[in-house]
Amino acid sequence: MQAVGVIPRRKEIRLLEHHAPQISANDEVRIRALEVGICGTDKEICTFVYGAPPAGSEYLVLGHESLGQVVEVGTSVRDLKPGDLVVPSVRRPCPHQHCQPCRADLQDFCATGDFTERGIKMKHGFMTEYYVEQEKFLTYVPPELRDVAVLVEPLTVAEKGLAQVWKVQQRLPWTLGNGGGKPPGYGLKAVVLGAGPVGILGAMALLANGFETYVYSRSKKPNPKAELVESLGAQYISSLTDSVNQLAERIGNIDLVYEAVGAAKISYDVLRVLGTNGIFVFTGIPAPRPPIEVDADIIMRNLVLKNQLVVGTVNADKAAFQNAIRDLAVFSKRWPSELRALITGRFTLENYRELLVGERGGIKNVIALA
Ligand SMILES: [Zn+2]
Ligand SMILES: [Zn+2]
């Protein structure tokens with residue numbers, strides 16, 4: 001069968017002939033790939049800065065944002081049956097007995113670094129016709145989400161981030177939904193950095209949780225992403241027209257920053273204006289660059305005097321996948337056209353090169369296999 005992969009040793013990106021996988025254990029599920037989303041991680045792997053093939057393979061099949069349909073289940077699979085829609089998670093636990101997070105099915109917190117990731121690190125991905133996965137790494141998707149469920153994996157970034165926020169901000173017992181039946185973000189102000197798919201999905205999650213939400217991104221208005229963001233009920237502010245200080249003046253106390261831009265300069269500049277008792281959630285992974293100047297004294301003073309928190313978050317656990325599917329249903333009711341507008345193009349496997357190394361724009365581009 002066909003697959004798109006990279007051959008790092010030869011710095012090649014190719015349409016490959018890949019063996020069709022079969023079920024080899026009772027808890028496995030064979031899945032037909034329906035859609036796979038393309039993101040910055042895939043594009044970075046195609047520049048060969050990271051991305052490792054499985055042991056014994058010259059190539060790595062790409063793709064980690066998948067929607068699939070079950071075609072066959074092993075004898076001990078309990079909750080899935082042929083025809084069901086599923087989304088697989090990405091990270092698989094390390095083998096070490098002493099790694100407590102991995103042994104507790106929380107490999108997103110793996111302590112050894114020896115985890116693997118499908119389509120990224122030493123396990124083949126989902127940019128292919130069929131794949132096999134253990135049931136525990138799959139989450140069921142209701143059929144009504146068929147056309148948007150490829151967005152589940154990028155939404156898990158915000159879901160895990162918010163799960164961290166709810167946990168650590170319990171230090172503020174008078175806020176975060178403790179006001180009697182109000183959504184947890186009621187009366188609080190959130191800033192999203194970046195207007196890519198992770199940022200826009202994060203803005204949807206923040207709005208759905210009741211935050212007054214601002215998206216701070218580079219492009220000047222009017223532009224299609226700004227229009228989309230504002231039709232959700234968030235405010236779009238361009239960094240070309242409003243400086244970080246102006247942003248802070250406009251908003252007032254910034255209770256939460258959700259960073260989805262992957263650039264350090266703007267992020268640390270916005271950290272400087274985080275509000276009292278605020279939390280700053282980093283999700284981006286910047287490419288290494290020479291050191292930059294930051295207002296370290298102001299940032300350190302504020303962290304102390306304003307009781308601020310900075311938290312980084314990577315990958316996602318099972319709960320984040322379940323929450324993403326639940327919230328996607330909420331988004332689909334509240335913003336049916338805007339949610340679908342996030343998927344700006346559907347392509348065939350043969351279009352891989354244009355999507356991975358070409359200049360194809362848009363928000364989220366998807367390879368549709370069926
Ligand atoms: Zn991705
Ligand atoms: Zn581990």
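Any read-out appearing in this document is the output of simple, stated calculations on the displayed coordinates, not a laboratory observation. Quantities reported herein were computed from a predicted structural model and do not represent experimental measurements. All Cβ positions, glycine included, derive from the backbone under ideal geometry; neighbour counts span all protein chains shown.
Some values worked out for this structure:
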{"item": "Listed residues VAL215, VAL191, VAL77, most fluctuating in the chain (Gaussian network, C-alpha, under 10 Å)", "result": "VAL77"}
{"item": "Proximal charge balance of GLU28 [Cβ under 15 Å; K/R count +1, D/E count -1]", "result": "+2"}
{"item": "Whole-Hz ³J(HN,Hα) from phi, Karplus 6.51 cos²θ - 1.76 cosθ + 1.60, for the range 319-326, glycine and proline x", "result": "4, 5, 5, 5, 5, 5, 5, 4"}
{"item": "For HIS98, HIS124, order by how many other beta-carbon atoms lie within 10 Å, fewest first", "result": "HIS98, HIS124"}
{"item": "Coordinate range along principal axes, alpha carbons of the range 163-240, Å, largest first", "result": "39, 20, 19"}
{"item": "Kirkwood-Stokes translational diffusion coefficient of the range 224-281, alpha-carbon pairs, 10 °C, 1.306 mPa s, µm²/s", "result": "129"}
{"item": "Rounded Å value of the spacing that divides the Cα centres of the range 12-72 and the range 113-150", "result": "8"}
{"item": "Loop trypsin sites (Lys or Arg not before Pro), the range 335-370 (other Cβ atoms within 10 Å of the site Cβ: 15 or fewer; DSSP)", "result": "ARG360"}
{"item": "Least to most buried among ASP108, ASP242 (fewest other Cβ within 10 Å first)", "result": "ASP242, ASP108"}
{"item": "Label-zone membership for the range 258-285, site ASN307, 7 angstrom Cα→C-beta point, backbone N under 12 Å", "result": "276-279"}
{"item": "Share of pairwise Cα separations in the range 273-313, more than 14 Å, in percent", "result": "56"}
{"item": "Virtual spin-label span in nm between VAL168 and VAL132, 7 Å along Cα→Cβ", "result": "4.1"}
{"item": "Shape metrics for the range 212-370, restricted to C-alpha atoms - Rg then Dmax, Å", "result": "18.1, 55"}
{"item": "Size of charge dipole - the range 172-307 - debye, nearest 20, with Cβ of Lys, Arg +1 and Asp, Glu -1, no other charges", "result": "100"}
{"item": "Nonlocal amide H pairs with VAL192, under 5 Å, H built at 1.01 Å", "result": "TYR214, VAL215, TYR216, TYR258"}
{"item": "Proximal charge balance of THR313 [Cβ under 14 Å; K/R count +1, D/E count -1]", "result": "-1"}
{"item": "Per DSSP, loop trypsin sites (Lys or Arg not before Pro) in the range 57-161 with at most 13 further Cβ within 10 Å", "result": "ARG78"}
{"item": "3J(HN,Hα) from dihedral phi, the range 21-38, Karplus parametrisation 6.51/-1.76/1.60, rounded to Hz, x for glycine, proline", "result": "x, 10, 5, 10, 9, 5, 8, 9, 10, 9, 10, 8, 6, 9, 9, 9, x, 10"}
{"item": "Spin-label pair VAL314/ILE292, simplified geometry with 7 Å Cα→Cβ offset, distance in nm", "result": "2.0"}
{"item": "Dipole magnitude of the range 14-75, debye to nearest 20 (Cβ charges: Lys/Arg +1, Asp/Glu -1, about Cα centre)", "result": "100"}
{"item": "In sequence order, calculated HN-Hα J values of the range 193-207 (Karplus, 6.51, -1.76, 1.60; Hz; x Gly/Pro)", "result": "9, x, 10, x, x, 5, x, 5, 5, x, 4, 4, 5, 5, 4"}
{"item": "Alpha-carbon centroids, the range 164-216 and the range 242-257: separation in whole Å", "result": "15"}
{"item": "Per the chain, cysteines lacking a partner by the 4.7 Å Cβ criterion", "result": "CYS39, CYS46, CYS94, CYS110"}
{"item": "FRET efficiency estimate (nearest 0.05) - Cβ-Cβ, ARG14 to THR348, R0 25 angstrom", "result": "0.95"}
{"item": "Simple label model, 7 Å out from Cα along Cβ direction - VAL357 to SER243, nm", "result": "4.3"}
{"item": "The range 285-370: GluC sites (Glu not before Pro) in DSSP loop, at most 14 other beta carbons within 10 Å", "result": "GLU293, GLU359"}
{"item": "Estimated 222 nm signal from helices in the chain, with DSSP H stretches of n ≥ 4 weighted -39500 (n - 2.57), rounded to 500", "result": "-8000 deg cm²/dmol"}
{"item": "Neighbour-count order for SER337, SER57, fewest beta carbons within 10 angstrom listed first", "result": "SER337, SER57"}
{"item": "Sequence-distant residues sharing a close amide H with LYS123 (under 5 Å, placed H)", "result": "GLU117"}
{"item": "Long-range HN-HN contacts of TYR130 with modeled amide H, under 5 Å", "result": "ALA33"}
{"item": "The chain - share of DSSP beta bridges that are antiparallel (%, nearest 5)", "result": "55"}
{"item": "The chain: projected area of the alpha-carbon convex hull, averaged over directions, in nm²", "result": "19.3"}
